[in-house]
Each structure stands twice: as structure tokens, then as C-alpha cells.
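The values are calculated or read from the model by the stated rules, or taken from the named source; none is laboratory data. For clarity, every value in this text was computed on a predicted model and none was experimentally measured. As a convention, Cβ positions derive from the backbone with ideal geometry for all residues, glycine included, and neighbour counts pool all protein chains shown.
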Amino acid sequence: MRSTQEWSRLGGLVIAGLAVVAACAVLIPRLLGFAAGPEAEVITALKEAESQGVSLALPGVTRPLTSQKVRFARITVVVAPDRKSAEALATLDFEGTLGETRVGTAGVERVPFVYRDGGWHPRTSVAPRLVAVVSALEARRRGLEAADAESLARLAGPGIPGVGGPEWTELKSTRGRVYRAEAWYIRLEREDAVVTEHWRLQGSLPSRPVDTRGQRALSLTLHGDEFLFSPGLM
């Protein structure tokens, strides 16, 4: 039979062994990530978004932009000298919805990453430029539905006049108006976005009911972190 001292020594060895196993469980994934390098970790994060899908929050909008298809390609990762931040430049192919609005995009996306909690994570989202464009489009839609010229003027680029003209006059005169965007098809460039909007306006004028559908081209230019409309809002 083992003595009390032997059992105590054996118990100590077991506890030490469990501590080593626990330490390995924490450190090995980090060591593997370090060995692979931040570029590989950033690319892996984007590819995981492809397989899992994304739900992107928009500032001031209760509904998220939800993907049905998302694909990143031609990914280039630039890591900062301090190795605490990085930026992924990629092409983005996205199909999804914002409520009842279909959203499709193709073009260039820039995704800032930060290193925290032992791994690389998007600073805000995996598609910040797409989020900025759709946020501007949704703010414009709400402004048109409310016929709020002041809020719409804030969405126009420097030196760009606000809304006006016959189409704006008719929209303002429409009672009980509902302005819907049935689809936004977006082409993301490096500093610009070109959008095809399929819209529907419902309501009534004093002389007749209104139920009009149309299609228009919109252009937005990047100013800081937001996209503003240029040359016009309508």
C-alpha cells in the first residue's frame, strides 16, 4: 500500500499535469495563429464570414442588412508596423436584404482589423463601406418619404444643392406617401459608389391616386467615413 506521502506526491503530479494541459489548450491556438501570421488570420476571418453569413448593423436603422450570399476575393492584407492593426483590401460580392429592400453589390471593400483578446477582429464590421453606402441610401429614402428637405440636404456633398424641381414638388404634394426602395444595386469603387435604385411611390394627389414605380441612377462619394450624394439626391 502507498503511504500518505506517496499519495500526496502523486496527487501533486496529477494537478501539475492538468495545469500543463490547460496551459496548452490556451497557448497552442495562439502559437499556431502566430506561426500562421496576421495575414492568414485576417483572411480566415473573412472566409468564415462567407460561410456563416453576416448581419450588418446600420446606424440609426433598427433592421440589419442581412446577407444571402457574401464572397470576398483578391484579398490583400496590410499589417501596421506595431502589428496591432491591419487592413484587408478585397473585392466583395454581396446579395442580401434590408427589410423588404433587395441589396446587391460588387466592387472594392476595405476592412480595418484590430488585434485584441489574442486574435484579429474587424474594427466595426466585415463590410464597413457597404454599410456606409446603404446607411446613406436608407437615410435618403426616409427623408424622401417624410419630404424632409433639411435632413436630405445633410446627405448632399459639399457644394451640392438640396432637393428641388418638379419631381420634388409632386412628392411633397402627395398625401399619405410611402416611398419604398424595392432594390439597390451598388457598384463600389475606391472612393465612389454608383447605385441603381428601383423605387415605388404610393399615396394620393388632390386630382388622382399615386402608385408610381421607377428606376434611377445615384452617385455617392466618400467623405471621411461617410458617403454623400453627388451630383444630386433625385
* State all residues of segment 213-230 that are in contact with a helix residue (DSSP H, G or I) (Cβ under 9 Å, 6 or more places away or on another chain) and assigned to a strand (DSSP E or B); if no residue qualifies, say none. => LEU218, LEU220, LEU222, GLU226, PHE227, LEU228, PHE229
* Does segment 154-166 contain any residue that is out of contact with any Phe, Trp or Tyr (no Cβ under 7 Å at 6 or more places or on another chain), surrounded by 13 or more Cβ atoms within 10 Å (Cβ to Cβ) and not in a loop (DSSP other than H, G, I, E, B)? -> no
* Asked: Looking only at segment 122-175, which residues are farther than 16 Å from GLY232 by Cβ and of a type in the set (Lys, Arg)?
  -> ARG123, ARG129, ARG142, LYS172, ARG175
* Structure fact -> Filtering segment 170-210 for residues that are touching a residue at least 60 places away in the same chain (Cβ under 8 Å) and aliphatic (A, V, I, L, M) leaves a count of 6
* Based on what the data block shows, is GLY232 on the phi > 0 side of the Ramachandran plot and either touching a residue at least 24 places away in the same chain (Cβ under 8 Å) or in the same structural domain as LEU89 (by TED's automatic domain parsing) (or both)? -> no
* Might you check whether a residue that is at pLDDT 95 or above, closer than 30 Å to ARG83 by Cα and touching a strand residue (DSSP E or B) at 6+ places or on another chain (Cβ under 7 Å) occurs anywhere in segment 145-158? => no
* Among residues of segment 81-115, those that are free of Cβ contacts under 8 Å to residues at least 24 places away in the same chain, more than 12 Å from the chain's Cα centre (by Cα) and surrounded by 14 or more Cβ atoms within 10 Å (Cβ to Cβ), counted -> 2
* **Filter result (under 17 Å from VAL108 (Cα atoms) and assigned to a helix (DSSP H, G or I)) within segment 41-97** => VAL42, ILE43, LEU46, LYS47, ALA49, GLU50
* Structure fact -> Going through segment 173-215 in order, the residues found to be charged (D, E, K, R), loosely packed, with under 13 Cβ neighbours inside 10 Å and over 30 Å from GLU109 (Cβ atoms) are ARG175, ARG208, ASP211, ARG213
* Tally of residues being in contact with a Ser or Thr (Cβ under 6 Å, 6 or more places away or on another chain) and hydroxyl-bearing (Ser, Thr, Tyr) across segment 185-218 -> 1
* Under the condition of being small (Gly, Ala, Ser) and part of a strand (DSSP E or B), which residue from segment 98-108 is nearest to GLN215 (Cα to Cα)? -> GLY104
* **Residue in segment 116-138 that is in contact with a His (Cβ under 9 Å, 6 or more places away or on another chain), over 18 Å from PHE94 (Cα atoms) and in contact (Cβ under 8 Å) with a residue 60 or more places away in the chain present** => no
* Asked: How many residues does segment 17-58 hold that are of a type outside the set (D, E, K, R) and either in contact with a His (Cβ under 8 Å, 6 or more places away or on another chain) or modelled with pLDDT of 50 or more (or both)?
  -> 19
